[in-house]
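The structure appears right after this line, and notes come after that.
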Amino acid sequence: MDKLRLGIIGIGNMGSGHAKSVSSGQCPDFELEAVADINPKRLEWAKENLGEIQIFDSAEKMLDSGCIDACIVSVPHYDHPKYAIECMKCGIHVMVEKPAGVYMKQVKEMNQEADKHPDVVFGMMFNQRTNCIYRKMRELVQSGKYGRIRRTNWIITNWYRPQAYYDSGDWRATWSGEGGGVLINQCPHQLDLWQWICRMPVSVQAHMCFGQWHNIEVEDDVTVYAEYENGATGVFVTTTGDA
């Protein structure tokens, strides 16, 4: 089988990691063909570290070039749906980093666009679904072998972040740069697993504390209460303030 020619939009922390993994041969079905970023410093890094690939100063130029078959979107959260849609319209397979987006309307539009392109493979980077432990949990819960769910209790508080973490970038933990705090940055994988294993609740109430443990404007401590169609209830607790 011919290798898929891969492009990456955004070569910051996540994008550069993906780029190095592919260019070093860790993904044998792919060949890194091109990257795109609006930051000149990141483009210089790509020239110095990624070998003979094509480099673009905008995502649109790379998508219009015809040089890639598939693309990873690893830009700031607000633009995930935007570039996923652009990839689909160009007939390019696309994998989008978490989270799916910031606004529900954007994510719905992205999913609706995916329905228009059945030949394009579209996925979200919810890699924890490949973990054998979570896969077994889902199998047991959804099989009904032990009866129906009565309660769910998901506590994920082991990702403490010091103030220095938030001070390391002016986009971090801001509404304008990140679109939220612990729920949209650290938690998407866990929120996805919660609903993937236990199914989607029909009602959700959330108590969020904004900047309770850090000098930030977004949420860093959250307790969620959920209700399910069969009458079951659930609790989800997370924070970046527990050491």
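The values are calculated or read from the model by the stated rules, or taken from the named source; none is laboratory data. Just so it is clear, the structure is predicted and the values come from calculations on it, not from any experiment. Positions of Cβ are backbone-derived with ideal geometry, glycine not excepted, and every protein chain shown enters the neighbour counts. For accessibility, only protein heavy atoms count, side chains too; no ligands or nucleic acids. Shrake-Rupley method; radii C 1.70, N 1.55, O 1.52, S 1.80 Å.
Side notes on the structure shown:
- Residue within the range 60-73 that is closer than 24 Å to ASP170 by Cβ and either open to solvent by 60 Å² or more (accessible area, probe 1.4 Å) or of a type in the set (Gly, Ala, Ser) (or both) present: no
- Condition met for HIS18 (assigned to a helix (DSSP H, G or I) and touching a Pro at 6+ places or on another chain (Cβ under 9 Å)): no
- Some residue of the range 199-207 being within 20 Å of the chain's Cα centre (by Cα) and either open to solvent by 20 Å² or more (accessible area, probe 1.4 Å) or at positive phi (or both): yes
- Consider the range 1-18 and keep the residues that are under 18 Å from the mean Cα position of the chain (by Cα) and more than 19 Å from SER65 (Cα to Cα). The one that is surrounded by the fewest Cβ atoms within 10 Å (Cβ to Cβ) is ASN13.
- Considering ILE149, ILE85, the condition of being hydrophobic (A, V, I, L, M, F, W, C), under 27 Å from ASP64 (Cα atoms) and out of contact with any strand residue (DSSP E or B) (no Cβ under 7 Å at 6 or more places or on another chain) is satisfied by ILE85 alone.
- Only one of GLY91, GLY123 that is surrounded by fewer than 14 Cβ atoms within 10 Å (Cβ to Cβ) and on the phi > 0 side of the Ramachandran plot: GLY91
- Residue-level analysis places GLY179 outside the set of residues that are open to solvent by less than 20 Å² (accessible area, probe 1.4 Å) and without any contact (Cβ under 8 Å) to a residue 12 or more places away in the chain.
Results for (1) open to solvent by 20 Å² or more (accessible area, probe 1.4 Å); (2) of a type outside the set (S, T, N, Q); (3) farther than 17 Å from HIS80 by Cα, shown as yes or no for each residue.
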site: GLY147; (1), (2), (3): yes, yes, yes
site: TRP154; (1), (2), (3): yes, yes, yes
site: ARG172; (1), (2), (3): yes, yes, no
site: LEU183; (1), (2), (3): yes, yes, no
site: CYS187; (1), (2), (3): no, yes, no
